[in-house]
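Taking it in order: structure first as structure tokens, then the write-up.
The values are calculated or read from the model by the stated rules, or taken from the named source; none is laboratory data. The structure displayed is predicted, hence computed values, not measured ones. Positions of Cβ are backbone-derived with ideal geometry, glycine not excepted, and every protein chain shown enters the neighbour counts. All accessible areas refer to the heavy atoms of the entire protein, side chains included, with ligands and DNA or RNA removed. Shrake-Rupley method; radii C 1.70, N 1.55, O 1.52, S 1.80 Å.
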Amino acid sequence: MSEVAARGALIERLATICGAEHVLTQGDLSAWESDWRGRRRGKALAVVRPANTDQVAQAVKACAEHGAPIVTQGGNTGLVVGSTPDESGTEVVLSLQRMNRVLAIDKANMTVTVEAGCILQNLQQAAHDQGLLFPLSLAAEGSCTVGGNLATNAGGTQVLRYGNARDLCLGLQVVNAQGQVWDSLQGLRKDNTGYDLRDLFIGSEGTLGVITAATLKLYPQPAAQMTAWAAVPDMERAVTLLGLAQAHLGSGLTGFEVMGQLALSLVARHFKQLRVPLYQGHPYCVLLEQSDQESTEHARQALESLLERAQAQSLIEDAVVAQTQAQARELWHIREAIPLAQAEEGLNIKHDISIPISRISEFVSHTQAMLAREIAGVRLVNFGHLGDGNLHFNVQAPEGQDARHFLQTQEARVHALVYGSVQAFGGSISAEHGIGSLKVEELAHQKGPVALQMMRAIKQALDPQQLFNPGRVLHL
Ligand SMILES: Cc1cc2nc3c(=O)[nH]c(=O)nc-3n(C[C@H](O)[C@H](O)[C@H](O)COP(=O)(O)OP(=O)(O)OC[C@H]3O[C@@H](n4cnc5c(N)ncnc54)[C@H](O)[C@@H]3O)c2cc1C
């Protein structure tokens, strides 16, 4: 059979499995073929949108028989070009968009079971409607899916208290490379029965199988939440403030974000409707969130007393406490607008890194000085989840320079400088976004031969045909 005929036969078979209207081959497919950052536009053999796990399993079998690679896609909000097809026109995009249901909430077990295509915000709302909390929270929550969150082990703003996606997951349903369904959705908090397969699939970025459903932990909703915004003189004192807040608020500290002055000035420039407090004249601002199981008054007293102590120790220069939920939301909105403001400013060189918290301040001073020395006028847009040691240490072209040209000529050099420094300080080149196709080379340099050998052995054992996301995460 010719190549064209073979492709036609696969498309026909996929149409029989999922319905012809859910196998897209023509028209504007850019929503599935382009990544969120606009870094790459690929070409899919087809976009397939199954309605249930059985259709996923059949579609995987069909692709395996035809030797067609599969790129699994959720909300396509990933930041490392892992969910879009390459330019070859041979990869099938398997979109979980239609598998978006909340299947069950078990209040006694404090768990929720959802299909993998469920939008994160819809899951949060479903938990909220039952008086419960699903704490994973990130700026893309209106579009990203639970499957994508788990496949990338997403972090976000509440990791400090509740952990990342891995910590919130009790069980998965997965379609493997043979088209078989593995189900561990019982919602068990203890299950020491051999190797933890769930943990293999979480963070595997679609390279080992297709996550079709998940059982996740729920928490009681806090009785009250208070949010404060404080100006700090430098990163060292931001870290000391984090220690003080942890000692003072204990597990009530649910968010601790740091934002550099340039990051906030970009928000002020591109989102004029947002009033950014205290950023002028202060190198960093910190956003603190406290969740309280008692009352608003109790929360307010604890937070205000923390801020008084911090001021007495010269850790903060100024601070505001949100007086209403609407004000608190606006402060969070400013934090979440930073990546969007950066995108408005132009293409930039992103680094999603983690560093031991005790070394963050030294890392920032050292790396910032090195960048300034090497590339005149370069702008560092530094912000992130300081409570988790996670910085988005992004580099923007000098003011007035063409961003695309800057990226083309400086990206490799900037990455080498920053990742070299990350390694010297004992950090990680991907804290929460994953590897995708953007960081495959860096992973190979940084991971170490023993780790790489074990990772390759796992990939080969579970996906010997290289069916799932070939070339992403690892080169074999
Ligand atoms: C504005 C913005 C803010 C963000 N903030 C954060 C943040 O604070 N913290 C953070 O961790 N991330 C953040 N991200 C990136 C983050 O990875 C994603 O938003 C989200 O977790 C990905 O979900 P998705 O459904 O869009 O996955 P996609 O982008 O569709 O896919 C991501 C990866 O997962 C794989 N995948 C998707 N679904 C499945 C599945 N069902 N089974 C197997 N593999 C699958 C894909 O193949 C791909 O490799 C942000 C992104 C944006 C755009």
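Over the range 312-440, accessible surface divided per residue gives 41 Å², non-protein components excluded, 1.4 Å probe.
Residue by residue, the range 22-29 carries 3J(HN,Hα) couplings of 10, 10, 9, 10, 10, x, 7, 9 Hz when phi is fed to the Karplus relation 6.51 cos²θ - 1.76 cosθ + 1.60 (θ = phi - 60°); x denotes Gly or Pro.
Around the amide H of LEU133, modelled in the peptide plane, lie the amide H atoms of TYR219, GLN221, all under 5 Å away and 5 or more residues distant in sequence or on another chain. Where a ≥ b ≥ c are the square roots of the eigenvalues of the C-alpha gyration tensor, would you call the range 144-203 rounded, which needs a/c under 1.5, or, failing that, prolate if a/b is larger than b/c, or oblate? Oblate, since a/c reaches 1.5 and b/c is not below a/b. Taking the 1.4 Å solvent-accessible surface of the range 332-445 as the whole, the part contributed by carbon and sulfur is 51%. Distant-in-sequence amide contacts of GLY255, defined by a placed amide H-H separation under 5 Å and a gap of 5 or more residues or a different chain, comprise GLU289. For the range 182-215, applying the loop criterion from DSSP together with a ceiling of 12 other beta carbons within 10 Å to the trypsin sites (Lys or Arg not before Pro) yields ARG189, LYS190. Only Lys, Arg, Asp and Glu carry charge here, each on its Cβ (+1 for the first two, -1 for the last two); on that basis the chain has a dipole of about 440 debye about its Cα centre.
For the range 242-319, what is the relative contact order in percent, using Cα pairs closer than 8 Å and at least 6 residues apart in sequence?
Numbers: 71 pairs, mean separation 26.4, N = 78.
Reported relative contact order: 34 percent.
Please give the Cα centre distance for the range 71-113 versus the range 270-333, rounded to the nearest Å. So the two Cα centres are separated by 35 Å. Only DSSP H runs of four or more residues enter the estimate; each adds -39500 (n - 2.57), and after division by the residues of the chain the mean residue ellipticity at 222 nm equals -12000 deg cm²/dmol.
Could you give the length gained on full extension between GLN26 and GLU87, defined as 0.36 nm per residue of separation minus the Cα-Cα distance, in nm? Before the final figure, lay out the partial values.
On the way: separation 61, 0.36 × 61 = 21.96 nm, distance 1.56 nm.
In short, 20.4 nm is gained.
Per-atom-type breakdown for the range 71-201 gives carbon and sulfur 47% of the accessible area (1.4 Å probe, protein chains only). A cut-off of 5 Å between modelled amide H atoms, ignoring neighbours fewer than 5 places along the same chain, links GLU317 with ALA231, VAL232. Here the relative contact order of the chain, from alpha carbon pairs under 8 Å that lie six or more residues apart, stands at 15 percent.
3J(HN,Hα) along the range 424-429: 4, 9, x, x, 10, 7 Hz, from the Karplus curve 6.51 cos²θ - 1.76 cosθ + 1.60 with θ = phi - 60°, whole Hz, x for Gly and Pro. Computed over protein heavy atoms with a 1.4 Å probe, the carbon and sulfur contribution to the accessible area of the range 206-267 reaches 47%. Rounded to whole numbers, the Karplus 3J(HN,Hα) couplings from phi for the range 115-123 are 6, 5, x, 5, 5, 3, 4, 5, 5 Hz, using 6.51 cos²θ - 1.76 cosθ + 1.60 with θ = phi - 60°, and x at Gly and Pro.
Evaluate the charge dipole of the range 330-440 about its Cα centre and quote only its size in Debye, nearest 20, assuming +1 on the Cβ of each Lys and Arg and -1 on the Cβ of each Asp and Glu.
Its charge dipole is roughly 340 debye.
Note down the relative contact order for the range 320-476 as a percent, whole number, built from C-alpha pairs under 8 angstrom at least six residues apart. Answer for the range 320-476 is 24 percent.
Show THR296, THR227 ordered by accessible area, largest first, where the area counts protein heavy atoms only and the probe is 1.4 Å.
Details: THR296 70, THR227 5 Å².
Ranked list, largest accessible area first: THR296, THR227.
Centre-to-centre, using Cα atoms only, the range 402-470 and the range 202-267 are separated by 24 Å. The simple spin-label model puts a point 7 Å past each Cα toward its Cβ; for GLU12 and ALA104 those points are separated by 4.1 nm.
Using the average count of surrounding beta-carbon atoms within 10 Å as a protection proxy, the listed peptides 19-26, 31-38, 63-70, 77-84 rank, highest first, as 77-84, 63-70, 31-38, 19-26. Placing one equal scatterer on every Cα of the range 10-102 and applying the Debye formula, the log10 ratio I(q)/I(0) at q = 0.12, 0.20, 0.25 Å⁻¹ is -0.33, -0.91, -1.34.
Counting only protein heavy atoms and a 1.4 Å probe, the range 142-211 has 42 square angstrom of accessible area per residue.
Distance check, please: which entries in LYS43/LYS350; LYS43/LYS272; LYS43/LYS459; LYS217/LYS350 exceed 28 angstrom between their Cα atoms? Can you show the working numbers first?
On the way: LYS43/LYS350 25 Å; LYS43/LYS272 37 Å; LYS43/LYS459 25 Å; LYS217/LYS350 31 Å.
Violating the 28 Å Cα-Cα cut-off are LYS43/LYS272; LYS217/LYS350.
Rounded, prolate or oblate: which fits the range 261-317, taking a ≥ b ≥ c as square roots of the Cα gyration tensor eigenvalues, rounded meaning a/c under 1.5, else prolate when a/b beats b/c? Oblate, because a/c is 1.5 or more while a/b does not exceed b/c. With N counted as the residues of the chain, its alpha-carbon radius of gyration over 2.2 N^0.38 Å works out to 1.00. Please say if the range 49-159 is rounded, prolate or oblate, where rounded means a/c under 1.5 for a ≥ b ≥ c the square roots of the C-alpha gyration tensor eigenvalues, and otherwise the choice is prolate for a/b larger than b/c and oblate otherwise? Here the range 49-159 falls in the oblate category. Assuming charge only on the beta carbon of Lys and Arg (+1) and of Asp and Glu (-1), the dipole of the range 256-361 about its Cα centre is about 360 debye to the nearest 20.
Per residue, the accessible area of the range 1-67 comes to 51 Å², computed with a 1.4 Å probe over protein heavy atoms only.
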